[in-house]
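So the structure is just underneath, and the comments pick up after that.
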Amino acid sequence: HAHFFQRVGNVLIGLDLDGTLAPIVEHPERAIVPPRLLSMLAQCARIDGTRVAIVSARSMASIRRLLPIAGLHRLGQYGLEGPLAPSVERRRTLRRAAARFANRASGDVAPIAGAWVERKGLTIAIHDRMATPARRRALALIVGSLHPEARRLGFRPIPGQHVVDFVPTGFDKGTALWKTIRAFRPDVTFYFGDSPSDEPAFRVLRAGDYPVRVGPGPTLAPFRVDGPHDVIRALSAVVRFRPDPASKPRR
């Protein structure tokens, strides 16, 4: 670890949020990032030549609430919010389409107890974490029946952990991470993610990069850790072994 982090040049650390930094809970509003992880992220973001990018399905406001840290690069709603966001006009059009689709989805999902539709502005999410297995199966049929309307409005489904996001075509975590890599030009990129929605991000990494699946489940990532507690260990290695700007002599 020490030799690697000392000799490598610019490093980009990309991280999903829910399930990667914040343990999964019944409702997204109850999620909490452990204080030690917040501290590690803050320290990483201060290191010269180290960029920390949060790539999340959450809205920008939600990411800021959970990660009130200076120096982070926040990509909300699959890159639809933040430095990679499309034009104001395009976002306005997408908001109208998302509202129309959310109205349709809410009506269809309402009869399924324990399921709900989350309106994020530019995307919508259909959650089933609080539903019974039988109701999840019923919901899956409803979600499938919504696909034609989603396509008509320019959205496509992206499955996650007990959630399906409907996202404007052309946006996913892979496109968000790739644009970030092109902007920062790191020598090496790490990406940590825990769900099927992170697989496109793993796919865009290059030879010599580190795709890391957090938790169980099928993945194309060659590296795996158990949960957020292991993400803390990985970030602590960066903090310990990257050159500390505070230790450099002042000119």
Original post:
Listed residues VAL167, VAL117, VAL163, VAL143; which is open to solvent by less than 40 Å² (accessible area, probe 1.4 Å), over 27 Å from THR219 (Cβ atoms) and in contact with a strand residue (DSSP E or B) (Cβ under 9 Å, 6 or more places away or on another chain)?
Top reply: VAL117
Subject >> Filter result (over 16 Å from the mean Cα position of the chain (by Cα) and open to solvent by 100 Å² or more (accessible area, probe 1.4 Å)) within region 25-34 >> reply: GLU26, ARG30
Original post:
Which one is nearest to LYS173 (Cα to Cα), of the residues in region 105-145 that are in contact (Cβ under 8 Å) with a residue 60 or more places away in the chain and basic (Lys, Arg)?
Top reply: LYS120
**OP:** Would you check if ASP108 is of a type outside the set (Gly, Ala, Ser), open to solvent by less than 30 Å² (accessible area, probe 1.4 Å) and modelled with pLDDT of 95 or more?
**Re:** no
Subject >> Lone qualifier among ALA57, ALA45 - being small (Gly, Ala, Ser) and more than 19 Å from ALA183 (Cα to Cα) >> reply: ALA57
**OP:** Tell me which residues, restricted to region 157-174, are part of a strand (DSSP E or B), among the charged types (D, E, K, R) and over 18 Å from HIS127 (Cβ atoms).
**Re:** none
Subject >> Test set (1) in contact with a helix residue (DSSP H, G or I) (Cβ under 7 Å, 6 or more places away or on another chain); (2) surrounded by fewer than 21 Cβ atoms within 10 Å (Cβ to Cβ); (3) free of Cβ contacts under 8 Å to residues at least 24 places away in the same chain - PRO211 fails condition number >> reply: (2)
**OP:** Report whether or not VAL214 is closer than 30 Å to VAL109 by Cβ, at pLDDT below 95 and within 15 Å of the chain's Cα centre (by Cα).
**Re:** no
Subject >> Single match in ALA140, ALA125, ALA105 (criterion: part of a strand (DSSP E or B), within 24 Å of the chain's Cα centre (by Cα) and not β-branched (Val, Ile, Thr)) >> reply: ALA125
Subject >> Residues satisfying the stated conditions in region 120-140, i.e. open to solvent by 20 Å² or more (accessible area, probe 1.4 Å) and not aliphatic (A, V, I, L, M) >> reply: LYS120, GLY121, ASP128, ARG129, THR132, PRO133, ARG135, ARG136, ARG137
Subject >> Residues being in a loop (DSSP other than H, G, I, E, B) and in contact with a helix residue (DSSP H, G or I) (Cβ under 9 Å, 6 or more places away or on another chain) - total across region 108-122 >> reply: 8
Original post:
If you scan region 168-201, which residues turn out to be more than 30 Å from VAL238 (Cβ to Cβ) and in contact (Cβ under 8 Å) with a residue 12 or more places away in the chain?
Top reply: PRO168, THR169
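The values are calculated or read from the model by the stated rules, or taken from the named source; none is laboratory data. Note that the structure is predicted; figures quoted are calculated from it, not measured. Positions of Cβ are generated from backbone atoms using ideal geometry, with glycine treated the same way; all protein chains shown enter the neighbour counts. The area values use the complete protein model at the heavy-atom level, side chains included, leaving out ligands, DNA and RNA. Shrake-Rupley method; radii C 1.70, N 1.55, O 1.52, S 1.80 Å.
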